[in-house]
Amino acid sequence: MTAIEINKKLIENFGDDIIKTVKAYENELYLEIKPDRIRELSGYINHEMGYPLVSMFANDETSLIGKYAVYYAFADRVSGILLILKIGIEPEQMTFESIAGKVHAAARYEREIKDLFGLNPVGHPNAKRLVFHGNWPRETFPLRKAYDLKHRPDFAKEKINFSKVISAGVFEIPVGPVHAGIIEPGHFRFSVAGEPIINLEAQLYFVHKGIEKLCEGESLEKCLFVAERISGDESFTNAYAYCQAIEKIAGLKIPERAEYIRVVFAELERLTSHLGDLGGICTDVAYGFAASQFKMMRGWAYGIADELCGMRFLRGVNRLGGVRKDFVAGKEASLIRQLKKIRSEFEETEVIIKANSFFIDRVENTGILSAQIAADLNAVGPPARAAGIRSDVRKSFPNRVYRQLSFAIPEHHNGDVNCRMNVKIEECYQAIDLMLAAIDSMPAGRIRESITTVAPYQFAFGMTEAPRGENIHWVMTGENNTIFRYKIRTPSFCNWPALCHAVKGNLVPDFPLINKSFNLSYAGNDL
Amino acid sequence: MFNTIKKIIKYPNLTQNYPRKALLSLPKTGKTVIDMKKCTGCGECLGRCPSQAIVRDAQTKVLGINLDTCVFCTLCEEICPSGAIAMTNQFELAEEKRTALRSSTLVIAEDQEIVMPYEAICAELVKRIRKTFGRSLNIREVDAGSCNGCDYEINAMNNPFNDVERLGMHFVASPRHADMLLVTGTATRNMQLALIKTYNATPDPKLVVAVGACACSGGIFRDSYATSNGIDNIVPVDVYIPGCPPRPQAIIYGILKAIEKL
């Protein structure tokens, strides 16, 4: 369906409710609608048209239109179109209708908006605080423009209540925020009856740094470096999504060679990340030999990154309008040799681990995420693909290079640790093959265009397939090449609630394994 | 099983002999140096440095870099019109005093937290620790609000290439078992209490090492409503390891510096 057809269909059904339609760029369709009709419209789009809610955010536009605005982004993953509903909220009113009852994926976004903007979702099934812990005073709404970035409010003392499971023999296990392993902080509250987990509530946002607020009013260039530091091992893909958004606003088509170089780095990042996950899965079932194999290969992948750009985490590669240097030129032969070495080692290691029945026994049927829950919560990336949902930004919103290169989305349906592992194994091969193909067909030429000025108050989405899944950034520019609003939605934000469902019924000692197979970023969620 | 043994024989030892021997291939993004002879004073780097790590002395007009704030993005090297700025491959940058990481000719007086009385206490502590720990060191890692980059590099210290257990360093699961806290991140507001509790749970004598630009100074995330400008606002720090993120060998160097075995 094209954007025009989607618009026509919505006007046929909801003609009276749509105030304004704007088609921005190739694939973004913005509809401003009446605030009291959002529930019906979003329900129709989600259920009848089958478009998942991929991002939702508020924006303080009181200085522009005298209102707050809430945006609901739905994705047509078949034809690659984003359909965005926008409602305006009067500053006297400060409430909006919750759609969480109809569109389940909206629940966490609405709680986030409530915390950061003080806009109340009316009718939300459980609107407890999400971003702010008990130490934040109520009435702290940092993303309102009137809030001073540097203002650090006094510490409050409010008790956070977790969902309680009450029955004979049910007890709670609190874990975190400082964990036993070398990982990020988060608090997990398990309700268990003996070994099996009945309920898991994850309290996150321990590493909330206020990134979205930090970017407001800053130069476009500085925000690129902030984007690289959203989530440690997703530096490249986050910067990539940010650059895409700005380039879209500037109306710039980056040179083909730059696009190819970006694809090489994006796939290198995926390979590195997946090798780490596979090593982690092996560590968590105490399979030391295989873990060392994967860590060794990961070390090699870091070596490639170091050789190409001097940064193990691929920071400082992207720039607005292309890439900083021609990182690949002259290094093709060495790159191909190292990738082939990883590939053959990976093949042999895969044979070894799959022949180990003790190992397969631990991962098979552990931590099953059902396809229905995955769809309802808009789970993305390898966990969704392992549950039978075929979503991949590289296929649904491809850039020129991915359109030319041939690759297939891995198909698995059981949704357990084994399937997630297999998706990652297949994607490792795919990443290597894509890199080899990209190096092979990379045209010569320029590696960047320059962006001098960007028009104020323009907005666009940037989308990439991060190692963890669909990554969506929305940028609205301000005066003098600054950022007015930067909404970051990383794949981890969508997958955290899915993880909490996947562990139900499993044993507590299997939680680290299930957690590792999802490999979610805390920093990417907490921002 | 045969395949497993084959692999074990094929890769008997991957571990680099750092720090006994220098690294064979040095990284390309280490400390940044400014050649003041070439500098024209245009101020391009000052305005565009994403973490405002480059500073100019008001009187002498000399430029300097605060390594505790630098995120090693290499932008200054790229944009300097006179080519006065260059990245070196020097990565062993850890220092015991934050002032040592900052350009001496600069306005340091603004950062009051550097001259706090705990410095004196720490100096005494370090003396005792050398006596106490002997050759083995138990480390507890605390992520107090990083992007996870530093944590990945700390993880990489345990990979086959670095294998820090050979140096007598051991990562433990609880602060109760630890001699040293390796802290990453800016100490976000939501992690401050957890960091203090972890610090208090670690038995004396203890060392605290700040890993990465965020832990040293707040890095690119400082001055936000939800962060603090470096973990030394919350707990005393013995060694600062700059970098964004510092590579595993740089962290090893910092830890060794902390126990004064170098």
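The values are calculated or read from the model by the stated rules, or taken from the named source; none is laboratory data. Quantities reported herein were computed from a predicted structural model and do not represent experimental measurements. Every residue, glycine as well, gets a Cβ built from its backbone with ideal geometry; the counts of neighbours run over all protein chains shown.
Here are some notes:
- The set of residues in the stretch A:195-226 being more than 9 Å from every other protein chain (Cβ to nearest Cβ) and farther than 20 Å from A:ASN59 by Cα consists of A:GLU195, A:PRO196, A:ILE197, A:ILE198, A:ASN199, A:LEU200, A:GLU201, A:ALA202, A:GLN203, A:LEU204.
- Qualifying residue in the stretch B:8-22 (condition: among the hydrophobic types (A, V, I, L, M, F, W, C), over 30 Å from A:VAL226 (Cβ atoms) and not in a loop (DSSP other than H, G, I, E, B)): yes
- Failed item in (1) of a type outside the set (D, E, K, R); (2) under 26 Å from A:PRO398 (Cβ atoms); (3) in a loop (DSSP other than H, G, I, E, B), with A:LEU83 passing the rest: (3)
- For the stretch B:52-71, the count of residues that are closer than 30 Å to A:PHE313 by Cβ, within 15 Å of the chain's Cα centre (by Cα), surrounded by fewer than 22 Cβ atoms within 10 Å (Cβ to Cβ) and modelled with pLDDT of 75 or more is zero.
- The condition of being more than 14 Å from chain B (Cβ to nearest Cβ), of a type outside the set (Gly, Ala, Ser) and farther than 30 Å from B:HIS170 by Cα holds for only one of A:ILE160, A:ILE89, A:ILE173, that being A:ILE89.
- Against the test of being modelled with pLDDT under 90, among the aliphatic types (A, V, I, L, M) and assigned by TED's automatic domain parsing to the domain that holds A:PHE461, the options A:LEU308, A:LEU275 yield a single qualifying residue, A:LEU308.
- Pairs where the first residue, in the stretch A:117-138, is within 14 Å of chain B (Cβ to nearest Cβ) and the second is among the hydroxyl-bearing types (Ser, Thr, Tyr) and surrounded by fewer than 21 Cβ atoms within 10 Å (Cβ to Cβ), C-beta under 9 Å, 6+ apart: A:PHE132/A:THR140
- Which listed residue, of A:SER273, A:SER292, A:SER334, is touching a residue at least 60 places away in the same chain (Cβ under 8 Å) and of a type in the set (Ser, Thr, Tyr): A:SER273
- In the stretch A:435-451, residue modelled with the highest pLDDT [restricted to those that are exposed (fewer than 13 other Cβ atoms within 10 Å of the Cβ) and small (Gly, Ala, Ser)]: A:SER441
- From the options A:GLY367, A:GLY280, A:GLY288, residue that is closer than 24 Å to A:ALA266 by Cβ and not hydrophobic (A, V, I, L, M, F, W, C): A:GLY280
- Residue check for B:ARG140: part of a helix (DSSP H, G or I) and either modelled with pLDDT of 75 or more or within 14 Å of chain A (Cβ to nearest Cβ) (or both): no
- Within the stretch A:140-165, the set of residues being touching a residue at least 12 places away in the same chain (Cβ under 8 Å) and within 28 Å of the chain's Cα centre (by Cα) comprises A:THR140, A:PHE141, A:PRO142, A:LEU143, A:ARG144, A:LYS145, A:TYR147, A:LEU149, A:ILE160, A:ASN161, A:PHE162, A:SER163.
- Checked against (1) more than 11 Å from every other protein chain (Cβ to nearest Cβ); (2) crowded, with 24+ Cβ neighbours inside 10 Å, A:VAL317 meets all criteria but (1).
- Spans of helices (runs of 4 or more DSSP H) in the stretch A:352-444 with at least 3 residues within 30 Å of A:ILE45 (Cβ to Cβ) and not small (Gly, Ala, Ser): A:371-376, A:381-386, A:393-396, A:400-404, A:417-441
- Scan of the stretch A:497-527 for residues that are more than 15 Å from A:HIS179 (Cβ to Cβ), within 14 Å of another protein chain (Cβ to nearest Cβ) and either without any contact (Cβ under 8 Å) to a residue 24 or more places away in the chain or among the polar types (S, T, N, Q) (or both), ordered by number: A:ASN525
- Here B:TYR152 fits the description: part of a helix (DSSP H, G or I), facing chain A (nearest Cβ under 8 Å) and at negative phi.
- Contacts under 9 angstrom Cβ, first residue in the stretch B:183-194 being within 7 Å of another protein chain (Cβ to nearest Cβ) and farther than 19 Å from A:GLY181 by Cα, partner in a helix (DSSP H, G or I) and of a type in the set (Ser, Thr, Tyr), 6 or more apart: B:THR186/B:SER217
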